[in-house]
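K.L.:
Sharing a structure here in structure tokens format.
The values are calculated or read from the model by the stated rules, or taken from the named source; none is laboratory data. Being a predicted model, the structure only gives us computed values, none of them experimental. A quick note on method: Cβ atoms are made from the backbone with ideal geometry, for glycine too, and the neighbour counts reach across all protein chains shown. Accessible surface areas use protein heavy atoms only, side chains included; no ligands, DNA or RNA. Shrake-Rupley method; radii C 1.70, N 1.55, O 1.52, S 1.80 Å.
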Amino acid sequence: MKFDTPATTNPIDQLKVVGKPTNRIDGPLKTTGLAPYAYERHDVAANQAYGYVVGSAIAKGRIASMKLDEARAAPGVLAIVTADNAGKLGKGNFNTAKLLGGPEVDHYHQAIALVVAETFEQARAAAALVRVEYARGKGAFELAAALGSAVKPPPSFGTEADSSVGDFAGAFAAAPVQLDTRYTTPDHAHAMMEPHASIAAWSGDKLTLWTSNQMIAWSVGDMAKTLGIPRKNIRLDSPYVGGGFGGKLFIRADVLLAALGAKAAARPVKVALPRAFMFNNTPHRPATIQRIRIGATADGKITAIGHESWSGDLPGGGPETAVGQTRLLYAGANRMTAMRLAVLDLPEGNAMRAPGEAPGMMALEVAVDEMAEKLGLDPIRFRIINDTQVDPEKPSRPFSQRQLNECLTIGADKFGWAKRSTTPGASRDGQWLVGMGVAAAFRNNLNGPSAARVRLDKSGVVTVETDMTDIGTGTYTIIAQTAAEMMGLPLDNVVVKLGDSAFPVSAGSGGQWGANSSTAGVYAACVKLREAVAQKLGMNPVDAVFADGKVKAGRQSVALGDAAKDGELVAEDKMDYGDLAEKYQQSTFGAHFVEVGVHAATGEIRIRRMLAVCAAGRILNPKAARSQVIGAMTMGAGSALMEELAVDKRFGFFVNHDLAGYEVPVHADIPHQEVIFLDETDPTTSPMKAKGVGELGICGVGAAVANAVYNATGIRTRNYPITLDKLLDKLPAVA
Amino acid sequence: MKSFTYERVETPAAATAAFAKVKGARFIAGGTNLLDLMKLEIETPAHLIDVSRLALDKIEPTTDGGLRIGAMVRNTDLASDPRVRRDYGLLSRALVAGASGQLRNKATTAGNLLQRTRCPYFYDTNMPCNKRKPGSGCAAIGGFSRLHAIVGASDACIATHPSDMAVAMRALDARVETVDAAGKERSVAVADFYRAPGTTPHLDTVLAPGELITAVTLPKPVGGTHIYQKVRDRASYAFALISVAAIVQKDGSGRVALGGVGHKPWRVEAADADLPRGAKAVTATLLAGAKPSHENAYKLPLVERTLAGVLAQARG
């Protein structure tokens, strides 16, 4: 099915099942431990051996020698894989550094060997006996020091590094009110609960991989490319994923080394990356240095807006696309953005939840707050003055839906924004300085082609099969809701099977494109199934009404399962997209409101309450969507207040490589969160009229926290995370 | 993790005797720190002697009006003991400021005293660390040192002691009771229990090899207002950037100890006398000779400000 004209009324609009705050259909499996994650799939292959990864102890250089004899002689050892004996390996399209290093080393904790043994403990003990001598090379590890060498990167995913409209320099110079500020964001770790883990088994030249992955088809392709074998020889299965956040979009060392280890040991092998490897072996969100310039008239109209961002990556890597939202968010006739990329020999930078948007909005939405103050305007008013209903770089392109102003004004009302002191540092509650902050949330909607297969059996049960993944987001449930709505069934009559490369190729999970895209694919397949059912029952498909487990046409009413009484009915289709996303700018919007307390003596910053008001198209399941938004708000709070991969600039690695050192928020940090969804549908996105929501919640929330800290203290901190040491010397004396 | 053998003992005498028999033995109680260190091969004991079932799990009054806390009393039980809550509120508050409920259920009094630094370079066996591998150097000096010591450190080590409980015990003038393989008992003030790093940072305490902690004693209660203020980036489950343990009497006198600033719970008795003069004076004495790095220099004003807030709170 091709979606190339805006949707009209369709069965989804009934909203009998879709749009309901349904509990997760996989919830009982998860809460009782019956949903097996990759490393726990003890039953899929007999005789599983254990692999333990050896990581490089240096960031840059070469392996001078590697002695394996002690490790080989250790109890239980079955095989050791290194670049020397692994055979020729390619590199996946989505990998920057090789997944198995040696003799050249590209980054700290790059995998350089896998030790396979009978037990996990034996593999781990033997891995410590691999003796490696290195010739340390000189590397670049500090973004600020590498700025001079940064270059304009090639377009990434079709987006140019630079953009320019009108005469930015002239308009900025002429603007009566100007802001020119710099912001920094540090490297961030995905720090998901489930580390990367895989089990691999060979049967002849056929390879089966049970893993934890967001993008099944991409990963099958990259495994085939890396191993130099045909795609069709690989089956990859990832039904449950314990968090991804972009860290599992691509294949990583666990799955490649499991495959190589299984070949070497001639047995199924399982590999999990140890927690420390989650920080230096797998990718991270790269640090940025950003400069924002805004020029405005005295009454607050933006005349010039410029956003530049510098980031670093390994050779062949890409930039953190932090300027993208500035191209679209506010009006202004004269505009420029630019991204520059430096070579850094830190571990690979790559996508993490709202890549580009999250750190970009952390800077932009503080700059907007600062500019509003310069103008003597309420920051909400300033945003509303500069609202645009069209793409400001291409005014012929309207936004398909844009309710940013509504989000801001509704949020202001619900949050009690009017009670905010306009004088920073003026509100106090006991030992706490109290402040409120606001920021826009803004993330684009992306659609991807997505296919599904649906089967109807004679008992009236519909089974959906697609290689779509559920990374904790609720995909199982919204797909079941979609199929139930389309086929006129209760939710209990739908079975959903995900994550298997044997199923039709979906959009996968990433970039908040999963929910709308994958359900649209299920919609397409269900349209075909409805046709097949009607045909089987001798009904005109146009007249057939699917409701209450029955199909009705005229006076004819038949149980849905009757259509399959002679055998299962199977339908498969893919949703493809026309050019609506070019004609319209499809985006999701929101407003974040945060109240913080800053301890007057210690400078500790604690969030008191948070509110997000979101306009993101049809919300397929308000309960699951709310979980996505509050999770993203929590992640944004972490990036504002504590998350920072500490770079050792001498040794070239992230020092705080465990969850004690890399702090993410705990429950005590997030006392009260609320999410409001505006009642909205967007017919330009798909027949579902939905959009992504999984990344909207992290966009802007960090800035709202920063703006609240400023309102509480009068101290503007432009270097994230905002920790107490950056406030102390400017806080008033302790009474 | 290296392979090791394991035995469980029933009495302190059996524990110390077992230690004498096997080279490379270690005592294990709650295991909340030791097992992590073993998995990373930072600790590589050949033999574990499980002392967690020793009958040292009681909190009893002492003849001089104090309390004797058995070495195996769990952190949760100690924090919630009514006598501790009534008379040694500082200790109870310090305990609940540390770790998580699950860890406190498992961790013991002796084990808490003996936990090792959380310096990230100590935890990374690819890095030089004099505490982990004597003579290899210190990667923290000149590295990521935001969390490190500002006083009492040396050119060999700038690690901090991570315990909250020990800071309160230092302020309370607690003593550590031990027994050695010969059955000899001794009592060491917490003040003397930890070593300065000097040139031997691998030695955290004055315990001799095989010497077993049997109890911690608290002198009779001193009254006053007890405040434990732990300062950290996140609200729970984080080690202290700094902490202030203070007991303040109605007349403004009292005592103060710090966590997160040095290799051991930090108290300078002379600074106590300055308490009536306020936080600035106390801090100047407490942190005299401090040698912070660029990354942890904030700890000096942080101590002073936190202490000022604590004293204001104590005044009501």
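K.L.:
Which ranges mark the strands (runs of 3 or more DSSP E) fully within the range A:118-201 that have 3 or more residues being within 30 Å of A:Thr303 (Cα to Cα) and under 30 Å from the mean Cα position of the chain (by Cα)?
P.N.:
Values: elements: A:131-136, A:162-165, A:177-185.
Correct list: A:162-165, A:177-185.
K.L.:
Of the residues in the range B:135-181, how many are open to solvent by less than 10 Å² (accessible area, probe 1.4 Å), within 14 Å of chain A (Cβ to nearest Cβ) and touching a residue at least 40 places away in the same chain (Cβ under 8 Å)?
P.N.:
Result for the range B:135-181: 4.
K.L.:
May I pose another question? With hydroxyl-bearing (Ser, Thr, Tyr) and open to solvent by 10 Å² or more (accessible area, probe 1.4 Å) as the only criterion, which of A:Thr185, A:Thr181, A:Thr226 stands out?
P.N.:
It is A:Thr181.
K.L.:
From the set of residues in the range B:236-251 that are open to solvent by less than 50 Å² (accessible area, probe 1.4 Å) and part of a loop (DSSP other than H, G, I, E, B), which is nearest to B:Thr283 (Cα to Cα)?
P.N.:
B:Leu241
K.L.:
Right, here's the next one. Could you give me the residue pairs with C-beta distances under 7 Å whose first residue belongs to the range B:114-134 and is within 13 Å of chain A (Cβ to nearest Cβ), whose second residue is not in a loop (DSSP other than H, G, I, E, B) wherever it lies, and which are 6+ apart or on separate chains?
P.N.:
B:Arg116/B:Leu37; B:Tyr121/B:Cys129; B:Phe122/B:Cys129; B:Pro128/B:Cys138; B:Cys129/B:Cys138
K.L.:
State whether the residues of the range A:697-711 include one that is in contact with a Phe, Trp or Tyr (Cβ under 7 Å, 6 or more places away or on another chain) and assigned to a loop (DSSP other than H, G, I, E, B).
P.N.:
yes
K.L.:
Something else: Condition first: modelled with pLDDT of 95 or more and within 11 Å of chain B (Cβ to nearest Cβ). Can you find one or more residues in the range A:676-690 that meet it?
P.N.:
No, the range A:676-690 contains no residue that is modelled with pLDDT of 95 or more and within 11 Å of chain B (Cβ to nearest Cβ).
K.L.:
Same structure again: Tell me which strands (runs of 3 or more DSSP E) are completely within the range A:33-95 and hold 3 or more residues being out of contact with any helix residue (DSSP H, G or I) (no Cβ under 9 Å at 6 or more places or on another chain), or say none if there are none. Give the steps one after another, and end with the answer.
P.N.:
Values: elements: A:49-55, A:61-67, A:77-82.
Correct list: A:61-67.
K.L.:
Only one of A:Ala128, A:Ala201 is away from chain B (no Cβ under 14 Å) and either among the polar types (S, T, N, Q) or buried (at least 18 other Cβ atoms within 10 Å of the Cβ) (or both); which?
P.N.:
Being away from chain B (no Cβ under 14 Å) and either among the polar types (S, T, N, Q) or buried (at least 18 other Cβ atoms within 10 Å of the Cβ) (or both) holds for just one of A:Ala128, A:Ala201, which is A:Ala201.
K.L.:
Hey, another quick one. Might you let me know whether the range A:82-89 holds any residue that is among the β-branched types (Val, Ile, Thr), touching a residue at least 60 places away in the same chain (Cβ under 8 Å) and away from every other protein chain (no Cβ under 14 Å)?
P.N.:
Taking every residue of the range A:82-89 in turn, none turns out to be among the β-branched types (Val, Ile, Thr), touching a residue at least 60 places away in the same chain (Cβ under 8 Å) and away from every other protein chain (no Cβ under 14 Å).
K.L.:
Shifting gears a bit: Could you say whether any residue in the range B:224-235 is outside any strand (DSSP E or B), within 14 Å of chain A (Cβ to nearest Cβ), free of Cβ contacts under 8 Å to residues at least 40 places away in the same chain and more than 22 Å from B:Ala290 (Cβ to Cβ)?
P.N.:
yes
K.L.:
Which numbered condition in (1) within 30 Å of A:Ala520 (Cβ to Cβ); (2) surrounded by 19 or more Cβ atoms within 10 Å (Cβ to Cβ) is the only one that A:Val390 fails?
P.N.:
(2)
K.L.:
Would you point out which residue out of A:Phe245, A:Phe279 is at positive phi and either open to solvent by 20 Å² or more (accessible area, probe 1.4 Å) or within 14 Å of chain B (Cβ to nearest Cβ) (or both)?
P.N.:
Result: A:Phe245 is the single residue among A:Phe245, A:Phe279 that is at positive phi and either open to solvent by 20 Å² or more (accessible area, probe 1.4 Å) or within 14 Å of chain B (Cβ to nearest Cβ) (or both).
K.L.:
Hey, A:Gly316 hits all of (1) touching a Gly at 6+ places or on another chain (Cβ under 9 Å); (2) among the small types (Gly, Ala, Ser); (3) surrounded by fewer than 22 Cβ atoms within 10 Å (Cβ to Cβ) but one; which does it fall short on?
P.N.:
(1)
K.L.:
Mind checking whether some residue in the range A:250-258 is within 30 Å of A:Ser627 (Cβ to Cβ), aromatic (Phe, Trp, Tyr) and crowded, with 24+ Cβ neighbours inside 10 Å?
P.N.:
Looking through the range A:250-258, at least one residue is within 30 Å of A:Ser627 (Cβ to Cβ), aromatic (Phe, Trp, Tyr) and crowded, with 24+ Cβ neighbours inside 10 Å.
K.L.:
Only one of B:Ala290, B:Ala297 is more than 10 Å from every other protein chain (Cβ to nearest Cβ) and open to solvent by less than 60 Å² (accessible area, probe 1.4 Å); which?
P.N.:
B:Ala290 is the lone residue from the list that is more than 10 Å from every other protein chain (Cβ to nearest Cβ) and open to solvent by less than 60 Å² (accessible area, probe 1.4 Å).
K.L.:
So is A:Thr159 within 14 Å of chain B (Cβ to nearest Cβ), closer than 28 Å to A:Ile251 by Cα and surrounded by fewer than 17 Cβ atoms within 10 Å (Cβ to Cβ) or not?
P.N.:
Spelling it out, it is not the case that A:Thr159 is within 14 Å of chain B (Cβ to nearest Cβ), closer than 28 Å to A:Ile251 by Cα and surrounded by fewer than 17 Cβ atoms within 10 Å (Cβ to Cβ).
K.L.:
May I pose another question? Being under 31 Å from the mean Cα position of the chain (by Cα) and either open to solvent by 70 Å² or more (accessible area, probe 1.4 Å) or closer than 23 Å to A:Ile289 by Cα (or both): is that true of A:Gly90 here?
P.N.:
no
K.L.:
Additional query: Residues in the range B:66-93 that are of a type in the set (Lys, Arg) and more than 19 Å from the chain's Cα centre (by Cα): how many? So that I can check it myself, show each step before the final result.
P.N.:
Step one: of the range B:66-93, the residues of a type in the set (Lys, Arg) are B:68, B:74, B:83, B:85-86, B:93.
Subsequent filtering for residues that are more than 19 Å from the chain's Cα centre (by Cα) retains B:83, B:85-86.
Within the range B:66-93, residues that are of a type in the set (Lys, Arg) and more than 19 Å from the chain's Cα centre (by Cα) number 3.
K.L.:
Hey, another quick one. Confirm whether A:Gly430 is in contact with a Gly (Cβ under 8 Å, 6 or more places away or on another chain) and on the phi > 0 side of the Ramachandran plot.
P.N.:
When the stated conditions are applied, A:Gly430 does not pass them.
K.L.:
In the range A:583-621, which residues are farther than 18 Å from A:Cys699 by Cα, more than 14 Å from every other protein chain (Cβ to nearest Cβ) and either outside any loop (DSSP other than H, G, I, E, B) or open to solvent by less than 10 Å² (accessible area, probe 1.4 Å) (or both)?
P.N.:
Result: A:Lys583, A:Arg618, A:Asn621.
K.L.:
Among the numbered criteria (1) closer than 26 Å to B:Leu113 by Cβ; (2) within 14 Å of another protein chain (Cβ to nearest Cβ); (3) not in a helix (DSSP H, G or I), which single criterion is violated by B:Val282?
P.N.:
(3)
K.L.:
Which condition from (1) part of a strand (DSSP E or B); (2) open to solvent by 20 Å² or more (accessible area, probe 1.4 Å) is the one that B:Pro221 breaks?
P.N.:
For B:Pro221, the exception is condition (1).
K.L.:
Let me ask you something else. From A:Thr477, A:Thr469, which residue is open to solvent by less than 10 Å² (accessible area, probe 1.4 Å), at negative phi and part of a loop (DSSP other than H, G, I, E, B)?
P.N.:
Being open to solvent by less than 10 Å² (accessible area, probe 1.4 Å), at negative phi and part of a loop (DSSP other than H, G, I, E, B) holds for just one of A:Thr477, A:Thr469, which is A:Thr469.
K.L.:
Please go through the range A:632-663 and pick out each residue that is out of contact with any Ser or Thr (no Cβ under 9 Å at 6 or more places or on another chain) and away from chain B (no Cβ under 11 Å).
P.N.:
A:Ala632, A:Met633, A:Thr634, A:Met635, A:Gly636, A:Ala640, A:Gly652, listed by residue number.
K.L.:
Let me ask something else about it. Which of the numbered conditions does B:Ala168 fail, given that it passes all the others? Conditions: (1) assigned to a strand (DSSP E or B); (2) closer than 30 Å to A:Val598 by Cβ.
P.N.:
It is condition (1) that B:Ala168 fails.
K.L.:
Here is a further query. Can you name every residue in the range A:480-509 that is surrounded by fewer than 24 Cβ atoms within 10 Å (Cβ to Cβ), charged (D, E, K, R) and outside any strand (DSSP E or B)?
P.N.:
The answer is A:Asp492, and nothing else.
K.L.:
Continuing with this model, one more query. Given the options A:Ala322, A:Ala331, name the one that is in contact (Cβ under 8 Å) with a residue 40 or more places away in the chain, open to solvent by less than 10 Å² (accessible area, probe 1.4 Å) and under 26 Å from A:Val390 (Cα atoms).
P.N.:
Values: A:Ala331 fails: open to solvent by less than 10 Å² (accessible area, probe 1.4 Å).
Just a single option satisfies the conditions, and that option is A:Ala322.
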